[in-house]
Every structure is written in C-alpha cells, then in structure tokens.
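Working notes, structure below.
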Amino acid sequence: MARVNVTEKVRKVLELTWDDELPVEPVDIARYLLITKGGEKRNISMVGRSNIQFSGQARFDKDKGRYFCEYNTTEPSYRQRFTQAHELGHVVLGHVRNGASPKRDTSFAVSSNDQDEIDANQFAAELLMPEEYVRTAVKQEFNLNKLANLFDVSTTAMHYRLKNLRLL
C-alpha cells in the first residue's frame, strides 16, 4: 500500500474548508468535509465527551453511515483541539475502516512506532499550524508563548512545529 502524503492531504483539506482565519477550528473543518468511500459520501461528527478515559478516538458507525471523532472535554482546550485535529487526520488519511477497532489515543507519548499515529500527529500539527502562516507569524513575533496563543496550541506543539519547519 502506498504511503499517503500527509502534507498534500492537509493542504487539500484547508483549501476546501478553511476561511484563512486563525486559529484553525477542527470542528468547523469536519463539518464541511465529506469522505467518499465506495461511492458513498460520509459525514464526520466531532463529539466531545467527559466520561472517557482517553484523549480521543476515531471510528466509523456503519448503522449511521458516518465517522465519529470523539475527544475528551475534561482536557485543556488546546489539547482538545489537537485531539480533534489528530482524530480527523485518522479519518482523512484512511486509517478508520468499517469493522476495525477504533483508532484510540490512550497516552501522550511523543514517540511511537505506529505509522498511523505518526501521520495523524503530523496531520494535526500541519492543520492547526499551517506552514505559510507559521512562517509569516515568526517574522513578526518570535515569542513561543505568543505564537502558541495565536494558533491556540500548547507551547510544546508550537515548539515541535517550529523545530520541524527548521525555524528553531
């Protein structure tokens, strides 16, 4: 199976759904996306839950014919947003399959050998912090806290994004 170009997928999603306003809102992005599988168009629902013991999960509900991206509402808002984008990434990148176990995030581990998790993290980072906007913002303000606030992400997420863009 050929590897998906995560960056190209993110660019296409942003092109189709984003209003160019910061911060990028994963819930709004999901609302405007339709995933086509086998000739069927499937919606994506973002669902916040306070009664789950993990950060999030992505699953397909065959009976409802739609994807669900669930996230933990007891976590800080920036973490919820990253989880929303991460779970959306699992759906867009084709990791969620009918009949398969949900893609579930149970830890905050930075390192993982699971390529799906690596790709979903990349998708989330690129969706929430689009490269062109990060590069422009860095030219105007190179304070990590202010940049994280602008993109409504954690300072850790902002740090890794800057590092991956070779701006640190």
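The values are calculated or read from the model by the stated rules, or taken from the named source; none is laboratory data. It should be emphasised that the depicted structure is a prediction, and the values quoted were computed from it without experimental measurement. A quick note on method: Cβ atoms are made from the backbone with ideal geometry, for glycine too, and the neighbour counts reach across all protein chains shown. Areas reflect the complete protein model, heavy atoms only, side chains present, ligands, DNA and RNA absent. Shrake-Rupley method; radii C 1.70, N 1.55, O 1.52, S 1.80 Å.
Computed on protein heavy atoms with a 1.4 Å probe, the accessible areas place Phe68, Phe142 in the order Phe142, Phe68, largest first. Here's the picture: charge each Lys and Arg Cβ at +1 and each Asp and Glu Cβ at -1 in the chain, and of Val96, Leu150, Thr136 the one pushed furthest to the positive end of that dipole is Val96. The angle between the Cα long axis of helix 155-164 and the longest principal axis of the Cα atoms of the chain comes to about 80 degrees, rounded to the nearest 10. Considering only C-alpha atoms, what is the centroid distance from segment 138-168 to segment 37-73, in Å? Using only Cα atoms to place each centre, the spacing works out to 29 Å.
Near Lys37, the amide H atoms lying under 5 Å from its own belong to Arg42; only residues 5 or more places off or on other chains count, and H is placed 1.01 Å from N.
Summing charges over all other residues whose Cβ lies under 9 Å from the Cβ of Thr17, with Lys and Arg as +1 and Asp and Glu as -1, gives -2. The long axis of helix 6-17 is offset from the longest Cα principal axis of the chain by roughly 80 degrees.
Please express the shape of segment 47-86 as an equivalent ellipsoid: the semi-axes are the square roots of 5 times the eigenvalues of the C-alpha gyration tensor, given largest first in whole angstrom. Working shown, then result.
Numbers: eigenvalues 78, 22, 9 Å².
Ellipsoid half-lengths, sorted descending, are 20, 10, 7 Å.
Of the residues Leu165, Phe68, Leu14, the one whose Cα sits farthest towards the positive end of the charge dipole of the chain is Phe68 (charges of +1 on Lys and Arg Cβ, -1 on Asp and Glu Cβ, taken about the Cα centre).
Per residue, segment 28-102 exposes an accessible area of 49 Å² to a 1.4 Å probe, with every protein chain left in place.
If only the Cβ of Lys and Arg carry +1 and only the Cβ of Asp and Glu carry -1, the dipole of the chain around its Cα centre is close to 340 debye.
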